[in-house]
Amino acid sequence: MPYTPDKPKLAESSDELRARIPGWGADLDPADRPSVPRERFDPTFSGAWWEFPERQPEKVPRERSIEHKFLTPVFGTVSPPRGVSGAIRRYAYKRYSEGRAAHWLLLMVADRVDVAGSTVLSIFSRHPDNPITETGVPAEASHHPVSSRTDDRRTDVRHQALDPFIVAAPWVLAAGVTYVLARKVIRRAA
Amino acid sequence: MVYRGPYRIRAEEKDRPAVEHPNDAIVRVTKAAICGSDLHLYHGMMPDTRVGTTFGHEFVGVVDEVGPSVRNLKVGDRVMVPFNIFCGTCYFCARGLYSNCHNVNPNATAVGGIYGYSHTSGGYDGGQAEYVRVPLADVGPSLIPDWMDEDDAVLLTDALATGYFGAQLGDIVEGDVVVVFGAGPVGLYAAKSAWLMGAGRVIVIDHLDYRLAKAAEFAHAETLNFTEYDDIVVQVKKLTDHLGADVAIDAVGAEADGNLLQHVTAAKLKLQGGSPVALNWAIDSVRKGGTISVMGAYGPLFSAVKFGDAMNKGLTLRMNQCPVKRQWPRLFEHIRNGYLKPSDIVTHRIPLEHIAEGYHIFSAKLDGCIKPLIIPS
Ligand SMILES: [Zn+2]
Ligand SMILES: [Zn+2]
């Protein structure tokens, strides 16, 4: 009862809980929970034998947050920025700090451009995108789509109406771009 | 696996990763997992998720190659790799904040390095693959103890460590009433860990009955399905003599499937870093002066959090990504003692070539899916 001073009584005592639940109270002492961030200075625990790691060579120009003083000694090298999305990404990194919404929103815009562009390019590659297999929907046939809907609530019910648009958007865009290009080519030929 | 766009991934032949830094190792993955936070990427909610990248921050494997400066590992070692990439000696690592390492993520200072978690987390490929580059191999990975099951090891690389961490952030004292939002893997482990720290009562809240059944069985928790109540906050108050819980743990993160408006502004229009429904419920359900623990994943974009209530109630908010490796010695002991059996929650084993189906099953929560493991061929 919050209206009186004492804490409400629990249904089970600590002894009852200890008997019922394996390991109950093994970490009872809050001071003996090693990984809570207590910021204890202990630079040797990790196994590192350097004070500052060796610098990874920068083979292609690597974008970085302007909040960093320099390129971090270790970094990922997958998917360097490319094309229009890459230009947007580089601008977002060069111009705005992480504190600015514009930084993140530009990166999200670049993501959408990247998806649309990659979908267009894939049509001309040996591995065109396939909206059916890539969304994994064939699993519906084999993994209880009906009982998952009736026994429980699937988590995607609410946005299922939106999903076809999200998934189809890059294809619609790709079709549009192809149409415009084709028209140009035909006009030039005529 | 490679990302092709929101809700779209595929299995594809990529080049084997190469040693890029003298302290890199190349690990042949023997088991990986899909994590709830991978769904942020899958749904296109994490900024700077580039087409062609590989997800997966929970994996174990065998060392296949080591860079010239690697001392602590050799080819053939069976290793478990924490999801954090960290240097061990920057200002933050030296203080044990491995998830906040400053030396491994040029793309952001607010986020550490994470395998397969977009360029916002450093631009590293993940372990839902046959091979993965493991940077700073002398610091991150640990040998898998002989007695440890590989399934348990892969769950220690994030889910179990994070769930346990969530309970730790709650600063639980003996007899505390702990309410856990989310009965996914991390929520299940957080609920179970709350008992180890002396909780007097553990209540788990979710909207899927099969996950709540797991919470009752695996984590000995009381359960509430929030869809059965008009107002889940009032229900928690009623159950706690109108005091509220002492500790509330948000094990959902921004993936909370909020109302349609929130879904559209967050997941679709990216105007929020995710709908913080679970976090707001946590703020409302906890008692005044209580503690909120957050280790559910949120993106760098802003979210509409009920901060005024948190202030007026005098709450302590504690949160971080889990510094996984610091958890291991204690968690190894708990597993050995039989207090924890992490692999009890594994429901699906999916071959890497069927990864698109695996993501769909996990994302839609088809087929009673709680935790899927990925098995590379
Ligand atoms: Zn994870
Ligand atoms: Zn560091």
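A few remarks follow.
- Remark: the stretch B:276-281, residue by residue, has Karplus-estimated 3J(HN,Hα) of x, 4, 4, 5, 5, 5 Hz, where x stands for each Gly or Pro and the curve is 6.51 cos²θ - 1.76 cosθ + 1.60 at θ = phi - 60°.
- Within the listed set B:GLY175, B:GLY44, B:GLY290, the residue fluctuating most in the Gaussian network model of chain B (springs between alpha-carbon atoms under 10 angstrom) is B:GLY175.
- Positive-end residue, the protein assembly as shown charge dipole about Cα centroid, Cβ charges, pick of A:THR133, B:ALA278, A:PHE41: A:THR133
- Percent carbon-and-sulfur accessible area, the stretch B:1-117, ignoring ligands, DNA and RNA, probe 1.4 Å: 50
- GNM on chain B, alpha-carbon springs under 10 angstrom: the most fluctuating residue among B:VAL29, B:VAL305, B:VAL294 is B:VAL305.
- Cα centroid of the stretch A:69-105 to Cα centroid of the stretch B:68-106, whole Å: 23
- In sequence order, calculated HN-Hα J values of the stretch B:13-29 (Karplus, 6.51, -1.76, 1.60; Hz; x Gly/Pro): 6, 10, 5, 5, x, 10, 5, 10, 9, x, 9, 7, 10, 9, 10, 7, 6
- For the peptides A:1-10, A:50-59, the ranking by mean Cβ contacts within 10 Å, running from highest to lowest, is A:50-59, A:1-10.
- Viscosity 1.567 mPa s, temperature 4 °C, Stokes-Einstein D of the protein assembly as shown from Kirkwood C-alpha radius, µm²/s: 54
- Cβ-Cβ FRET estimate between B:ALA110 and A:LYS59, R0 fixed at 25 Å, reported to 0.05: 0.45
- Interface of B with A. Using a 1.4 Å probe and counting protein heavy atoms only, the two chains hide about 9300 Å² of accessible surface, both sides summed.
- Taken per residue, the accessible surface of chain B reaches 29 Å², heavy atoms only and a 1.4 Å probe.
- Folded to 0 to 90 degrees: helix B:185-196 orientation relative to chain B principal axis, Cα: 70
- For the stretch B:340-377, a drop of 10 Å² or more in accessible area on going from the chain alone to the assembled protein chains (1.4 Å probe) is found at B:ALA356, B:GLU357, B:HIS360, B:ILE361, B:SER363, B:ALA364, B:LYS365, B:LEU366, B:ASP367.
- Under a 5 Å amide H cut-off, with hydrogens placed 1.01 Å from N, B:ALA245 pairs with B:VAL286, B:ARG287 among residues at least 5 apart or on other chains.
- Normalised contact order of chain A, rounded percent, pairs of Cα under 8 Å and 6 or more residues apart: 13
- Most mobile of A:ALA116, A:ALA174, A:ALA139 in a GNM of chain A (Cα contacts under 10 Å): A:ALA139
- Extending 7 Å from the Cα toward the beta-carbon at both A:ALA31 and B:VAL62 defines two label points whose distance is 4.7 nm.
- Net lengthening on full extension, A:ALA175/A:SER97 (0.36 nm per residue, minus Cα-Cα): 24.5 nm
- Residue by residue along A:15-28, Cβ atoms of other protein chains within 10 Å of the local Cβ number 6 on average.
- Förster radius 25 Å - calculated FRET efficiency between A:PHE124 and B:ARG16, Cβ distance, rounded to 0.05: 0.45
- Pairwise label distance in nanometres, B:GLU174 with A:PHE52, each label 7 Å out on the Cα-Cβ vector: 5.0
- Annotation: lysines with alpha-carbon distance below 19 angstrom to B:LYS237 (same-chain offsets under eight excluded): A:LYS7, A:LYS9, B:LYS288, B:LYS306, B:LYS313.
- Span-like helix check, chain A: qualifying full DSSP H segments, with Cα axial length of 24 Å or more and mean Kyte-Doolittle of 0.5 or more, are A:101-123, A:163-189.
- Amide H contacts for B:ASP367 (H built 1.01 Å from N in the peptide plane; partners 5 or more residues away or on another chain; cut-off under 5 Å): A:SER148.
The values are calculated or read from the model by the stated rules, or taken from the named source; none is laboratory data. Note that the structure is a prediction, hence the values are computed from the model and not measured. Note: ideal-geometry Cβ built from the backbone for every residue, glycine included; neighbour counts use all protein chains shown. These accessible areas exclude ligands, DNA and RNA; they are computed on the full protein's heavy atoms, side chains included. Shrake-Rupley method; radii C 1.70, N 1.55, O 1.52, S 1.80 Å.
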